[in-house]
Ligand code: GAR
């Protein structure tokens, strides 16, 4: 089972979905640690209550971004992490850090990328009058929200949706596709090659006719 670190900044509902999936007997990844850059992140207590080692690495405690990332790297090494899942980690990692973890670091984003990178996705989707929306799990590359796509799910935008209702509908799908994407990565069914996601044995994954 691939040792997987989860980086969070807040609530940690995607983290919780990953922890739950990793508790299943045949799941190919185990969660080796949760790291938050926010000391007050509610997700920390959830992880701790599941018996997972938690670490706080605030940016403020470090003189530079490089020093902050060196601290995160130190925790990852100490935890024996082989894979990283960003789950509501609201910081942009440096090209150096991302390069070191290339093909082994993934993120979940609340839109159908390449549409709506960045923040406030649900509000912008409503503003644009989109009739569908969704979420994406992708490999992390130096360019924000632009790495190769591993999995996506779409949801309808209903006529009277508020931002909160739409966000909840998307989040529900996030909790389904993130465990799926991590399991595909951890089991070697998807890998990153030449800036593309390459799938092994699509029939085995259950895709296709
Ligand atoms: C999720 O909707 C995730 O997709 C989003 O933040 C939320 C975190 O919720 N991530 C981003 O916007 C990344 N730029 P969670 O802490 O409950 O998983």
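The values are calculated or read from the model by the stated rules, or taken from the named source; none is laboratory data. The structure presented is a predicted model; accordingly, all values stated were derived computationally and were not measured. Methodologically, a virtual Cβ is constructed for each residue, glycine included, from the backbone with ideal geometry; neighbour enumeration extends over all protein chains shown.
Quick notes
- Any hit, segment 181-192, residues being over 21 Å from residue 6 (Cα atoms), in contact with a strand residue (DSSP E or B) (Cβ under 9 Å, 6 or more places away or on another chain) and either at pLDDT 95 or above or within 12 Å of the ligand (Cβ to nearest atom) (or both): no
- Counting only helices (runs of 4 or more DSSP H) that sit wholly inside segment 93-209, those with at least 3 residues that are under 19 Å from residue 14 (Cα atoms) and out of contact with any helix residue (DSSP H, G or I) (no Cβ under 9 Å at 6 or more places or on another chain) are 163-186.
- Residue among 45, 21 that is assigned to a helix (DSSP H, G or I), under 17 Å from the mean Cα position of the chain (by Cα) and surrounded by fewer than 21 Cβ atoms within 10 Å (Cβ to Cβ): 21
- No other residue among 175, 122 is surrounded by 14 or more Cβ atoms within 10 Å (Cβ to Cβ), farther than 26 Å from residue 39 by Cα, at pLDDT 95 or above and out of contact with any strand residue (DSSP E or B) (no Cβ under 6 Å at 6 or more places or on another chain) apart from 122.
- Candidate set from segment 77-91 (those that are within 9 Å of the ligand (Cβ to nearest atom) and out of contact with any helix residue (DSSP H, G or I) (no Cβ under 7 Å at 6 or more places or on another chain)); member that is farthest from residue 163 (Cα to Cα): 86
- Single match in 39, 53 (criterion: loosely packed, with under 15 Cβ neighbours inside 10 Å and touching a strand residue (DSSP E or B) at 6+ places or on another chain (Cβ under 6 Å)): 39
- The residue of segment 129-145 that is farthest from residue 18 (Cα to Cα), among those that are in contact with a strand residue (DSSP E or B) (Cβ under 8 Å, 6 or more places away or on another chain) and surrounded by fewer than 18 Cβ atoms within 10 Å (Cβ to Cβ), is 131.
- Screening residue 74 with (1) away from the ligand (no atom under 14 Å from the Cβ); (2) out of contact with any helix residue (DSSP H, G or I) (no Cβ under 6 Å at 6 or more places or on another chain); (3) outside any helix (DSSP H, G or I) gives one miss only, at (3).
- Positions within segment 1-17 being in a helix (DSSP H, G or I) and in contact with a helix residue (DSSP H, G or I) (Cβ under 6 Å, 6 or more places away or on another chain), in sequence order: 14, 15, 16, 17
- Scanning segment 115-133 for residues that are within 11 Å of the ligand (Cβ to nearest atom) and over 25 Å from residue 98 (Cα atoms) yields one hit, 122.
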